[in-house]
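This report concerns only the one structure given below.
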Amino acid sequence: MEPDISVSIGKLRLKNPVLCASGCFGYGQEYAELVDLSMLGGIILKGITLKERQGNPMPRIIETPAGMLNSVGLQNMGLSRFLREKLPLLSNIPTAVIANICGETPEEYAAIAKELSDKAGISALEINISCPNVSHGGMSFGQDMMLTFEVVNLVRKQTSLPLIVKLSPNVTDIASIAKAAVDGGADALSLINTLLGMAMDIKTKKPYLANITGGLSGPAVKPVALRMVWEVCKAVSVPVIGQGGIMSWEDSLEFLLVGATAVCIGTANFVNPKAGMEIAQGIKDYMKQHKIIDLRKIRMM
Amino acid sequence: MIQLTAKILEKEEVAPDHYRLALDAPLISKDASPGQFVHVKITSQYMPLLRRPFSIHRITPSGIEILFRVVGTGTRLLSEKRQGDELDIIGPLGHGFKVKENTFTAILVAGGVGVAPLFALAERLRQFTEVRILIGSKTKTGILCLEKFEALGINVQVATDDGSLGIKGVATDLLEDFLATSASPRLPIYGCGPMPMLRILTEIAQLYSSPCQISLETNMACGVGACLGCVTKIVAPNSSSNFEYKRVCVDGPVFDAREILWR
Ligand SMILES: Cc1cc2nc3c(=O)[nH]c(=O)nc-3n(C[C@H](O)[C@H](O)[C@H](O)COP(=O)(O)OP(=O)(O)OC[C@H]3O[C@@H](n4cnc5c(N)ncnc54)[C@H](O)[C@@H]3O)c2cc1C
Ligand SMILES: Cc1cc2nc3c(=O)[nH]c(=O)nc-3n(C[C@H](O)[C@H](O)[C@H](O)COP(=O)(O)O)c2cc1C
Ligand code: FES
């Protein structure tokens, strides 16, 4: 019997538990020549803000041991150009498409959510209260329980789409932030966003990144991500989308074992664009081999 | 654009710390044009983790060649590969050089390993125009492909910082001398090399009203336009800041030199 690897994130049904992470897969089209998008559980779009954002100065990326730092700073075309230029292309993508939104104020989040809620081609919203590369909003909301509640609650009132809240690892107690997001009305949580980091060029005695600090991603962060996903899964009962350093189906299984319902693939796409497809297949093969029919059955004892 | 496993057909150490690899990749070469690049996975380990971009040095029916200088971990590991080894590569990527068939003399200006994409370009241009290349480097061992250009019937001039080959000076000195004495105006210029050289090149091209295209390098992650990590500043008169960030991997790596904001 073929194992069923579909999963539910609130009302959202995904054909498999493997999503491509925001900021790491563009708007899907960028990878369409290299990847069979229909083999992915879903795609989370690059973060959208109300107004166009130019992003941070260059250089924006630097490789670090088993990872990379980025300080892209949410460069994007803004909501209205997104609606005109990108939205019409999304309906052709043969898998679930989730919009990732970010604001400088709770009202901005709510305004973007409202606009996107009745648009064909978008199946869910991910609210990013965890971007470490912007000076207003972003991570500052995700580091405060009250603000987390306020943003999520305001967005909840504007949308009936499944609502995923993306959490920052740059906090002391992630479980309390997770609970605040659920109290605010989150249908699911996703974590971790990048860990704030830094790298120095000893030749020039300057930071490699023009923005000085950036978000660390890739295999280097996986143990931290896994620990935080485990903590959050114990604290809340909504589905959790685990991410941070996943490169293989084996890595994904670790997140599913600690309680994640689905996983997100970020940096791995840059290394191997087919990573998402291969991981979805790998999970399926594993279940077949171990005669597991229901994905939820592979959780840690 | 395609991702494939390419066998290394030939490997040559062309100079100390400089290597040429010929890769079996007909599916990439059939769509490739000069100035485009390939994104190479050097190891399946996590050090280095990301792919490394290399300009397409030659386009042949059987595949492509790359020419690279060892500067760090990735290029060191790549230089240790052997003939017969396989590499996971994606390509052809980006926008290459635009070539107009009705040009007179085309002038190519290379700094160091910047000759890499200019060789493919020279092979294309010489089919319909006279080509000259001006190559600069610190010292004579860094002057690459000299005989190969000459074998194509291309006029080569050389400048080295230490005067060990050609004139003592830089490639852009050669360019200024040539343009100052040339009878034909507005000769098209194509450049690749370090940023300070490209900046001077752009100024000279503007002075002589020459159309100028340059190939840029920035750190890259995805190589396909998805991560926004590789951007460079492009003049945008309509923007409040007078510039916008464009992606070197898909909007370039070759840009019209007038578009670049150098500040
Ligand atoms: C579109 C494009 C085309 C390119 N084509 C070629 C080519 O044809 N031949 C070639 O030799 N190189 C080319 N490069 C540069 C090449 O990609 C880098 O040299 C390579 O990625 C360095 O990898 P590494 O792991 O060896 O060095 P890293 O470990 O990443 O860096 C080690 C050291 O090298 C320096 N370094 C890193 N990148 C560069 C760079 N771009 N130029 C000079 N120093 C650098 C760093 O400052 C650091 O000190 C190209 C780059 C781009 C963006
Ligand atoms: C270049 C880059 C850009 C990113 N942009 C966004 C973004 O716009 N919104 C967001 O919520 N997360 C963004 N992220 C975070 C990723 O979605 C992901 O949560 C994180 O990288 C951890 O997963 P990974 O280790 O698999 O990459 C970005 C990450 C990278 C590397
Ligand atoms: S390298 Fe990712 S956008 Fe250019």
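Summary of values
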| quantity | calculated |
| --- | --- |
| For A:Thr159, residues with placed amide H under 5 Å, excluding near neighbours | none |
| Approximate spin-label separation A:Asp36-B:Gln45, in nm, with each point projected 7 Å along Cα-to-Cβ | 3.3 nm |
| Within 10 Å of each Cβ in A:58-71, the average number of Cβ atoms from other chains | 5 |
| In Hz, Karplus ³J(HN,Hα) per residue of region A:191-198 (6.51, -1.76, 1.60; θ = phi - 60°; x = Gly, Pro) | 6, 9, 6, 6, 8, 5, x, 7 |
| Prolate/oblate/rounded call for region B:98-213, Cα gyration tensor, a/c under 1.5 rounded | oblate |
| Calculated from backbone phi, Karplus (6.51, -1.76, 1.60) coupling profile of region B:250-262 in Hz, x at Gly/Pro | 10, 7, x, x, 8, 10, 5, 4, 5, 6, 6, 9, 8 |
| Partner lysines for A:Lys86 [C-alpha distance under 18 Å; skip if fewer than 8 residues away on the same chain] | A:Lys46, A:Lys51, A:Lys114, A:Lys119, B:Lys246 |
| Proximal charge balance of B:Leu144 [Cβ under 12 Å; K/R count +1, D/E count -1] | 0 |
| Where labels lie 7 Å past Cα in the beta-carbon direction, separation of A:Arg84 and B:Val235 in nm | 2.5 nm |
| Distant-in-sequence amide H partners of A:Ile48 (H built 1.01 Å from N, under 5 Å) | A:Asn100, A:Ile101, A:Cys102 |
| Under 15 Å from the B:Thr60 label point (7 Å along Cα→beta-carbon), backbone N, region B:125-147 | none |
| Cα gyration tensor of region B:133-187 - equivalent ellipsoid semi-axes, whole Å, descending | 20, 15, 7 |
| Under 11 Å from the A:Glu52 label point (7 Å along Cα→beta-carbon), backbone N, region B:211-243 | B:236-243 |
| Under 13 Å, Cβ to Cβ, from A:Glu33 - net charge with Lys/Arg +1 and Asp/Glu -1 | -2 |
| Sequence-distant residues sharing a close amide H with B:Asp85 (under 5 Å, placed H) | B:Ile8 |
| Three-way shape label, chain A, alpha-carbon gyration tensor, a/c 1.5 | rounded |
| Helix-only CD estimate at 222 nm, as mean residue ellipticity for chain B, using -39500 (n - 2.57) per DSSP H run (n ≥ 4) | -5500 deg cm²/dmol |
| Most to least packed among B:185-195, B:105-115 [average Cβ atoms within 10 Å] | B:105-115, B:185-195 |
| Averaged over A:270-282, number of beta-carbon atoms from partner chains that fall within 10 Å | 3 |
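Just so you know, all these numbers are worked out from the coordinates, no wet-lab data involved. This is a predicted model, so every value here is computed, not measured. Cβ atoms come from the backbone with ideal geometry, glycine included; neighbour counts cover every protein chain shown.
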